[in-house]
Amino acid sequence: MAGLPQERMSLGYNGLDQVNTMAVAGKTFVAKTEYTTPLGDVLRTRVGPAGKQLITSREFDEQTRRPLRTVHDQEVGETSTARISDVRTAYDQSGNILKITDAQGANPTAATTDTQCFAYDYLRRMTDAWTSAKADDCGAPAAREPSRRSAARIRTGRRTRSTLPATARRGQARRHR
């Protein structure tokens, strides 16, 4: 096709016909995939060569199946791993994402943790998004950070104004008609 060289791709399946390994041209890039039972959500993957695999593990809410946590670890040799990141997601009762916290490294600090915060209106439309300076804390609305983005809407749902922070686009507000 369009002058691209042909490659042989192979897929391995488990007893429930779910893909658990993948290889291209004889080189395995997904060495193992584990699923939750009985719903089949991807629980853990191992990508790359043995001894250097990237291991991604996921946790889900049992009732809603929403992803709550994703952990990335790197194999170091054959017996240990090193933490790359730990991403946690928090939701409100309606399922809107309230915050996403990404803690980097084995011993995360405030400097290596990024927390994205979100706010919604009564129709579940995002009205604010900002990055918190405090690890894993979105704080009260008055304490929001300068990276905040917001949008104002009229009752019909049409966006009337969006505001960028002063550090991005010199604090411009744009009117929408």
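A few notes on this one:
- For Ala82, the test of being surrounded by fewer than 14 Cβ atoms within 10 Å (Cβ to Cβ), in a strand (DSSP E or B) and either of a type outside the set (S, T, N, Q) or free of Cβ contacts under 8 Å to residues at least 12 places away in the same chain (or both) is passed.
- A Cβ distance below 8 Å, combined with a sequence gap of six or more or placement on separate chains, defines the contacts here; from segment 96-122, residues that are over 26 Å from Leu54 (Cβ atoms) and hydrophobic (A, V, I, L, M, F, W, C) reach residues that are part of a helix (DSSP H, G or I) and at pLDDT below 90 in the pairs Ala119/Pro141.
- Residue pairs meeting the criteria (Cβ under 8 Å; at least 6 apart or on separate chains; first surrounded by 10 or more Cβ atoms within 10 Å (Cβ to Cβ), in segment 1-29; second among the acidic types (Asp, Glu) and assigned to a loop (DSSP other than H, G, I, E, B)): Val24/Glu7; Ala25/Glu7
- So Asn107, is it over 30 Å from Arg125 (Cα atoms), out of contact with any Cys (no Cβ under 8 Å at 6 or more places or on another chain) and in a strand (DSSP E or B): no
- Only one of Arg66, Arg88 that is of a type outside the set (Val, Ile, Thr), crowded, with 17+ Cβ neighbours inside 10 Å and closer than 28 Å to Arg125 by Cβ: Arg88
- Flag if Arg65 is modelled with pLDDT of 95 or more and within 30 Å of Asp92 (Cα to Cα): no
- Candidate set from segment 40-49 (those that are assigned to a loop (DSSP other than H, G, I, E, B) and of a type outside the set (Asp, Glu)); member that is surrounded by the most Cβ atoms within 10 Å (Cβ to Cβ): Gly48
- Restricting Thr33, Thr21, Thr37 to residues that are outside any strand (DSSP E or B) and either of a type in the set (S, T, N, Q) or closer than 25 Å to Cys138 by Cβ (or both) narrows the list to Thr37.
The values are calculated or read from the model by the stated rules, or taken from the named source; none is laboratory data. Note that the structure is predicted; figures quoted are calculated from it, not measured. Counting neighbours? That spans all protein chains shown, and the Cβs are built from the backbone with ideal geometry, glycine included.
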